[in-house]
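All remarks here apply to the structure that follows.
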Amino acid sequence: MTIDISAVGWKSEPTTMQYGWQQLVLYALGIGAQARELEYLYEGKGPRAYPTFAVVPAISQAFACIERAGVSLSSVVHGGQAVRVLAELPSRGTLRTHGQIVAIHDLKKFAQVMIRTTSELQDGTPVVETEWAIIVRGAGGFGGEPPPRIEHGKVPAGREPDHRFEQKTLPEQALLYRLSGDINPLHADPEVAARAGFEKGPILHGLATFGFATRAIVATVCHGNAQRLAFLHGQFRRPVWPGDTLVTEIWRLPDRVVFQTKTQERNEVVLSNAWADLND
């Protein structure tokens, strides 16, 4: 498969999404929120927004950028995700989101498309940015530059985590998360999953796992206040199936929080090279 490297720098047409408490609550449930997180689940308490809700208005922009790069969705894997918070998301409003292909890296056998989106309020105030690392199978070897090494999320060697957060996902978790906009049948249809090599059945969205890990940081380091999160980054390593138990291990460092997420059943790291920056 070839990839159109001339797409670097391309900007998509902006899209507009109106949202309210129902969308925030549906997203929170999709990433595993429980009754004790009522301020994220009940309009009588706001609700507050998890900052990773930013991926919801951005996903159509990411798809548009993938299409512009000349590749099909069936040939891509979500390699990594980042969210940068610029201002608090209100409990309701209208977001205007635009995307850009900022780089295409050469991984020899694969290519990596880097996409950045920015979402703004109606008055033009930017509130959140997202970054998507999309791996394209069979599109490498075009002579481009490799991606820069990222080691901010390296787990401290020989040190036990400061926090450990465990939660079992629902058997219906992917069916619930897809209601926030990522309706890829890979996460719903057993036949589609089998054709993609997942004989065990549909897999959980990587962004759902990312959201579970975010909630783990909020519950532990941030004491329930998601607005303390300024930046989040993680790389997806292995698939997660609905019903798996996710265990997020968290280390507090002087300048950031490092974390990784495993499946308890298989003891596999599914999210790594992950870190969060906090507001004071």
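The values are calculated or read from the model by the stated rules, or taken from the named source; none is laboratory data. Keep in mind that what you see is a predicted model, and the values were worked out from it rather than measured. Here Cβ is always computed from backbone atoms with ideal geometry, including for glycine, and neighbour counts include all displayed protein chains.
Things to note:
- Checking every residue in the stretch 94-107 against the condition of being in the same structural domain as Tyr50 (by TED's automatic domain parsing), under 21 Å from Val270 (Cβ atoms) and among the hydroxyl-bearing types (Ser, Thr, Tyr) gives zero matches.
- If only residues of the stretch 112-166 that are under 24 Å from Thr2 (Cα atoms) and of a type in the set (Gly, Ala, Ser) are counted, the one that is surrounded by the fewest Cβ atoms within 10 Å (Cβ to Cβ) is Gly143.
- Against the test of being within 27 Å of Leu278 (Cα to Cα) and among the hydrophobic types (A, V, I, L, M, F, W, C), the options Ala64, Ala7, Ala33, Ala111 yield a single qualifying residue, Ala33.
- Residue list for the stretch 220-234, filter: surrounded by fewer than 20 Cβ atoms within 10 Å (Cβ to Cβ) and outside any loop (DSSP other than H, G, I, E, B): Thr220, Gln227, Arg228, Ala230, Phe231
- Condition met for Ala87 (surrounded by fewer than 16 Cβ atoms within 10 Å (Cβ to Cβ), at pLDDT 95 or above and not charged (D, E, K, R)): yes
- Total residues in the stretch 65-94 satisfying the condition of being assigned to a loop (DSSP other than H, G, I, E, B) and either within 27 Å of Ile135 (Cβ to Cβ) or aliphatic (A, V, I, L, M) (or both): the figure is 7.
- Taken over the stretch 79-113, the criterion of being more than 26 Å from Arg228 (Cα to Cα) and out of contact with any Pro (no Cβ under 7 Å at 6 or more places or on another chain) is satisfied by Gln100, Ile101, Val102, Ala103, Ile104, Lys108, Lys109, Phe110, Ala111, Val113.
- Among the candidates Val85, Val102, Val128, Val155, residue that is over 21 Å from Arg215 (Cβ atoms), in contact (Cβ under 8 Å) with a residue 60 or more places away in the chain and of a type in the set (Val, Ile, Thr): Val102
- Options Glu172, Glu120: the member that is closer than 27 Å to Pro57 by Cβ, under 21 Å from the mean Cα position of the chain (by Cα) and in the same structural domain as His98 (by TED's automatic domain parsing): Glu120
- Among residues of the stretch 129-159 being of a type in the set (Asp, Glu) and not assigned by TED's automatic domain parsing to the domain that holds Lys108, the one that is nearest to Leu232 (Cα to Cα) is Glu151.
- Selected residue (only one of Gly201, Gly181, Gly197 is in contact (Cβ under 8 Å) with a residue 24 or more places away in the chain, over 18 Å from the mean Cα position of the chain (by Cα) and surrounded by fewer than 22 Cβ atoms within 10 Å (Cβ to Cβ)): Gly201
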